Amino acid sequence: MGLKGFVEGGIASIVAGASTHPLDLIKVRMQLQGESHLPNPSLQLYRPALAVNSAAVGNVSISQPRVGPISIGVRIIQSEGVAALFSGVSATMLRQTLYSTTRMGLYEIIKNKWTDKETGNLPLTSKILAGLIAGGVGAAVGNPADVAMVRMQADGRLPIDQRRNYKSVIDALSQMTKQEGVGSLWRGSALTVNRAMIVTASQLATYDQVKETILEKGVMGDGIGTHITASFAAGFVAAVASNPIDVIKTRVMNMKVAPGAEPTYSGALDCALKTVRAEGPMALYKGFIPTISRQGPFTVVLFVTLEQVRKLFKDF
């Protein structure tokens, strides 16, 4: 039962991650916009839909245009080609294999262990706690792939002479280890763990709770309609809860640290404070539109696929 939960969760997660990768890439690009240490930040093309900012060139203040995720996607295709929307997809698949397989399988083990054998019920608080534990463990396991994914997704927005040009996730992990040390593979790991705990607890607990409520009330049967409804609810809750941490995590992971140079951010708190001071509090919700646009489809594909895989594996 335990091993089957890992296999089922892993298959569903890889399918969901690969199919929604372009939306995740757009989200990362939006979250990185406005960083003051970038060359000519005022000339960046992409602006978040939910943030208002301005930048100064010399003594002239220039308002930044608001550009949504669709415009960003179009500009990425125009400047980098269609294939650029799948930059870092190998890292995404490795991340899902490590992180999501672990969290999905561990969540099922904990949930089954804590469920009342007589009534078959598990309180919402216990589901949330199970999600927190499973998410934290999964994030610690998958952090190297997460760092590689963020860097590969963000590479195209840098000037050509500053790009890392990783050929694959293996090449990314190898270069990071050689140039920045093994510790770089766990850069931002505290943020990754915190975000994963929040996402897993909100996503999996919400899905189970909404699904159980729908079935108990007799609104719908245990079919694809129930699975999609519960998935959308889970995706929305997870996006709202995790976006601020996701913005900080993305910036810390993408940070370049030259030998002997002072890092742009000394840590998560420093990144959060600098971001809010320079760009306003709504900067923590940069990329929210593509986040919710991605979380919705991702969660639907994840749980619908999971339910179908469970049916296939029910006799094993």
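Name, by its number, the condition in (1) farther than 18 Å from Ala196 by Cβ; (2) open to solvent by 70 Å² or more (accessible area, probe 1.4 Å) that does not hold for Met93.
The single condition Met93 does not satisfy is (1).
Is there any pair with a first residue in segment 15-42 that is open to solvent by 20 Å² or more (accessible area, probe 1.4 Å) and a second that is at pLDDT below 85 and in a helix (DSSP H, G or I) whose Cβ atoms are under 7 Å apart and which are 6 or more apart or on different chains, and what are they?
From segment 15-42, the pairs are Leu23/Pro290; Leu23/Ser293; Leu23/Arg294.
Suppose we filter segment 134-172 for residues that are surrounded by fewer than 21 Cβ atoms within 10 Å (Cβ to Cβ) and not in a helix (DSSP H, G or I); how many remain?
Total satisfying the criteria: 7.
Go through segment 99-132 residue by residue and tally those that are open to solvent by 60 Å² or more (accessible area, probe 1.4 Å) and either among the aromatic types (Phe, Trp, Tyr) or free of Cβ contacts under 8 Å to residues at least 60 places away in the same chain (or both).
Qualifying residue count, segment 99-132: 9.
Quick test of your reading of the structure: Gly223 fulfils all but one of (1) over 28 Å from Gln31 (Cα atoms); (2) modelled with pLDDT under 90. Name the failing condition by number.
Every listed condition holds for Gly223 apart from (2).
Which residues, counting only those in segment 76-88, are within 13 Å of Ala18 (Cα to Cα) and either open to solvent by 40 Å² or more (accessible area, probe 1.4 Å) or free of Cβ contacts under 8 Å to residues at least 60 places away in the same chain (or both)? Walk me through how you get there before you give the answer.
Our first condition is that a residue be within 13 Å of Ala18 (Cα to Cα); within segment 76-88, this holds for 85-88.
Within segment 76-88, just Phe86 meets the criteria.
Any chance segment 87-97 includes a residue that's modelled with pLDDT of 90 or more and in a loop (DSSP other than H, G, I, E, B)?
Scanning segment 87-97, I find no residue that is modelled with pLDDT of 90 or more and in a loop (DSSP other than H, G, I, E, B), so the answer is no.
Take Thr229 and tell me if it is of a type in the set (Val, Ile, Thr) and in contact with a Leu (Cβ under 7 Å, 6 or more places away or on another chain).
Taking the combined requirement at face value, the residue does not satisfy it.
The values are calculated or read from the model by the stated rules, or taken from the named source; none is laboratory data. Every value quoted in this text rests on a predicted model; they were computed, and no experiment measured them. So basically every Cβ, Gly included, is an ideal-geometry build from the backbone, and we count neighbours across all protein chains shown. Heads up: the accessible areas ignore ligands, DNA and RNA and are worked out on the full protein's heavy atoms, side chains in. Shrake-Rupley method; radii C 1.70, N 1.55, O 1.52, S 1.80 Å.
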